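Engineer: Sending over a structure as structure tokens; questions will come in a sec.
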Amino acid sequence: MSAAGVTIVVDDFGVGYSSLASLRSEYVRQVKIDRSFILGLAASPGNVVLVDSIVQLGRSLNIQVVAEGVETQEELDVLRTLGCTLVQGYHLARPAPLPDMTAWAEARARSAAIISASGASPA
């Protein structure tokens, strides 16, 4: 499977049937932190500690970590502070058909290029 490019993503990490043992597989390349840990993250010191631990564990094992369910700028700010660079959620974009998402991504890239060329810092 690995030679064919197949990798495993552990979804909803931290709840249900996901466990630390699942990370021992050499085929696991990504974990997605369950949104229940992200909801209200800025106001939950306990969840901050858990999310930070998962991010550090992923870094140590060379596994990408994605935060699911990011719905506010505050949650995104905490995740950035913790070093979690991969996020998904309604704060960034709503689910949409592929052509719509492609157009959205292209528009963002153009906007970023304009900001970069002008020397301004993005908001």
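Engineer: Pick out, in residue order, every one of the GluC sites (Glu not before Pro) in the stretch 32-76 that is DSSP loop and has at most 16 other C-beta atoms within 10 Å; say none if there are none.
Structural biologist: Within the stretch 32-76, the qualifying GluC sites (Glu not before Pro) (loop, at most 16 other Cβ atoms within 10 Å) are Glu71.
Engineer: Counting only protein heavy atoms and using a 1.4 Å probe, what share of the accessible area of the stretch 6-79 belongs to carbon plus sulfur, as a whole percent?
Structural biologist: The C+S portion of the solvent-accessible surface of the stretch 6-79 is 55 percent.
Engineer: Relative contact order for the chain: what is it in percent, counting Cα pairs under 8 Å that are at least 6 residues apart?
Structural biologist: About 18 percent, as a whole number.
Engineer: State the label only: which of (i) 16.4, 49; (ii) 14.8, 48; (iii) 16.3, 56 corresponds to Rg and Dmax of the Cα atoms in Å computed from the shown model?
Structural biologist: (i)
Engineer: Considering the dipole of the chain built from charges on the beta carbon (Lys and Arg +1, Asp and Glu -1) around the Cα centre, which of Ala3, Gly89, Gln30 is farthest to its positive end?
Structural biologist: In the chain, that residue is Ala3.
Engineer: Compute the longest continuous run of the chain that contains no exposed chymotrypsin sites (Phe, Trp or Tyr not before Pro); treat a site as exposed when its DSSP state is not H, G, I, E or B and it has at most 13 other Cβ atoms within 10 Å.
Structural biologist: After excluding every exposed loop site, the longest remaining stretch is 28-89.
Engineer: I've got another one for you. Hey, how many Å between the Cα centroid of the stretch 74-99 and the Cα centroid of the stretch 23-44?
Structural biologist: Centre-to-centre (Cα) distance: 13 Å.
Engineer: Calculate how steeply helix 73-82 sits against the longest principal axis of the alpha-carbon atoms of the chain, using the helix alpha-carbon long axis, and give the answer as 0 to 90 degrees to the nearest 10.
Structural biologist: That works out to roughly 60 degrees.
Engineer: Tally Lys and Arg at +1 and Asp and Glu at -1 over the other residues with C-beta under 12 Å from the C-beta of Gly83: what net charge comes out?
Structural biologist: Spelling it out: positives minus negatives among the neighbours equals +1.
Engineer: Assigning unit charges at the beta carbon (Lys, Arg +1; Asp, Glu -1) and nothing else, what dipole magnitude in debye, to the nearest 20, does the chain show about its Cα centre?
Structural biologist: Computed charge dipole of the chain: roughly 280 debye.
The values are calculated or read from the model by the stated rules, or taken from the named source; none is laboratory data. It should be emphasised that the depicted structure is a prediction, and the values quoted were computed from it without experimental measurement. In this analysis, Cβ positions are derived from the backbone assuming ideal geometry, glycine residues included, and neighbour counts consider all displayed protein chains. Just the protein is used for accessible areas: all its heavy atoms, side chains included, with ligands, DNA and RNA removed. Shrake-Rupley method; radii C 1.70, N 1.55, O 1.52, S 1.80 Å.
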